[in-house]
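> Quick one: structure below, then a few questions.
The values are calculated or read from the model by the stated rules, or taken from the named source; none is laboratory data. On a predicted model such as this, the values are computed, not experimentally measured, just so you know. Please note: Cβ atoms are built from the backbone with ideal geometry, for glycine as well, and neighbour counts cover all protein chains shown. The accessibility values were calculated without ligands, DNA or RNA, using every heavy atom of the protein model including side chains. Shrake-Rupley method; radii C 1.70, N 1.55, O 1.52, S 1.80 Å.
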Amino acid sequence: MDTKLLLCFCMLLFTCNARKAELLRALGGVKASASLLGVPLGHNSSFLQGPAFAPPRIREAIWCGSTNSSTEEGKELNDPRVLTDVGDVPIQEIRDCGVEDDRLMHVISESVKAVMEEEPLRPLVLGGDHSISYPVVRAVSEKLGGPVDILHLDAHPDIYDCFEGNNYSHASSFARIMEGGYARRLLQVGLRSITKEGRDQGKRFGVEQYEMRTFSKDREKLENLKLGEGVKGVYVSVDVDCLDPAFAPGVSHIEPGGLSFRDVLNILQNLQGDVVAADVVEFNPQRDTVDGMTAMVAAKLVRELTAKISK
């Protein structure tokens, strides 16, 4: 795929965003609206690549007739002032044209910037494996003109310098983010599979790492976080495997001893700060239950993140 074709894709996305934003401005009274952007990328996973199939399954669960479109605080997802959807970045089609990861990450970043170009849209990104957080956070920081604070919920710190020789590994995304200066504070919550390198890298970058073995002691602090003051806002990254597999079995890396779903909601709903963007990553439909339990969990996460973003 040549540069002209990549630019054409970004222009099509920009046009779609512009029309949606024009509608919201016409409706009035909207300061911020969450806009779904799918990034179906799975090849940077070190184990299974099923997260590439997650975005359509999450969308299907969001609008499933077994539930309704209201958030817990009463916002309605079927109101375009609360949530819009700009579709997916065509990851596989781009890769089929021989595009390497350096350029692919650039395409993802430009796609996120295209969403942010039109007020009041704010990106809520559906992964995909966790490697997508790097180009998304980079785009958010560059577009806003400075670093953000990041709340990262995960069983793993994803901060290896270069996992298995891959700079863009899903296990290295936050190393790239911190190296780039795109985050002032990085809080990692739910950790329970962390190596010596993960802890050393955390110290190197000044990461605030909260492990599950001390969660009962840390709970009060984590359920009353205040982030984003003095920077460009707050970015929230939710790896579905932050949850105990009893709540979300459809993940590539099953790690017992995780957060309950209500633990996660308490942290998100009580978070004080301007959430300017977010992602939900690492849901693997190929490992989900027959009735799509984890898809519904991911959809609920999207629903409640939408409530935090929209104003």
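> If you take the residues in the range 201-245 that are touching a Pro at 6+ places or on another chain (Cβ under 8 Å) and closer than 19 Å to Asn266 by Cα, which one is most open to solvent (accessible area, probe 1.4 Å)?
Result: Gln209.
> Got a number for residues in the range 31-47 being in contact with a Lys or Arg (Cβ under 8 Å, 6 or more places away or on another chain), open to solvent by 10 Å² or more (accessible area, probe 1.4 Å) and at pLDDT 95 or above?
Residues flagged as in contact with a Lys or Arg (Cβ under 8 Å, 6 or more places away or on another chain), open to solvent by 10 Å² or more (accessible area, probe 1.4 Å) and at pLDDT 95 or above within the range 31-47 amount to 1.
> Specify the residue that is nearest to Gly146 (Cα to Cα); the eligible residues are those in the range 246-292 that are acidic (Asp, Glu) and either open to solvent by 10 Å² or more (accessible area, probe 1.4 Å) or at pLDDT below 95 (or both).
Applying the filter and picking the extreme gives Asp274.
> Another question about this same structure. Restricting to the range 118-163, count the residues that are open to solvent by 10 Å² or more (accessible area, probe 1.4 Å) and modelled with pLDDT under 95.
Counting residues in the range 118-163 that are open to solvent by 10 Å² or more (accessible area, probe 1.4 Å) and modelled with pLDDT under 95 gives 2.
> Among the residues of the range 113-130, are any in contact with a Ser or Thr (Cβ under 7 Å, 6 or more places away or on another chain) and over 21 Å from Gly233 (Cα atoms)?
Yes.
> Let me ask another. Find the helices (runs of 4 or more DSSP H) located wholly in the range 25-136 whose residues include 3 or more that are closer than 24 Å to Ile159 by Cβ and not hydrophobic (A, V, I, L, M, F, W, C), and list them.
Correct list: 101-116.
> Which number in (1) more than 20 Å from the chain's Cα centre (by Cα); (2) in contact (Cβ under 8 Å) with a residue 12 or more places away in the chain marks the one condition that Asp244 misses?
(1)
> If you scan the range 50-65, which residues turn out to be farther than 18 Å from Asp129 by Cβ, open to solvent by 50 Å² or more (accessible area, probe 1.4 Å) and either touching a helix residue (DSSP H, G or I) at 6+ places or on another chain (Cβ under 8 Å) or in contact (Cβ under 8 Å) with a residue 40 or more places away in the chain (or both)?
The answer is Glu60, and nothing else.
> Within the range 270-291, is there a residue that is under 20 Å from Met212 (Cα atoms) and among the small types (Gly, Ala, Ser)?
Scanning the range 270-291, I find no residue that is under 20 Å from Met212 (Cα atoms) and among the small types (Gly, Ala, Ser), so the answer is no.
> Separate question: For Leu104, all conditions in the list (1) under 15 Å from Val39 (Cα atoms); (2) in contact with a Phe, Trp or Tyr (Cβ under 7 Å, 6 or more places away or on another chain) hold save one; what is the number of the exception?
(2)
> Among the residues of the range 94-104, is there at least one that is open to solvent by less than 10 Å² (accessible area, probe 1.4 Å), modelled with pLDDT of 95 or more and under 30 Å from Gly165 (Cα atoms)?
yes
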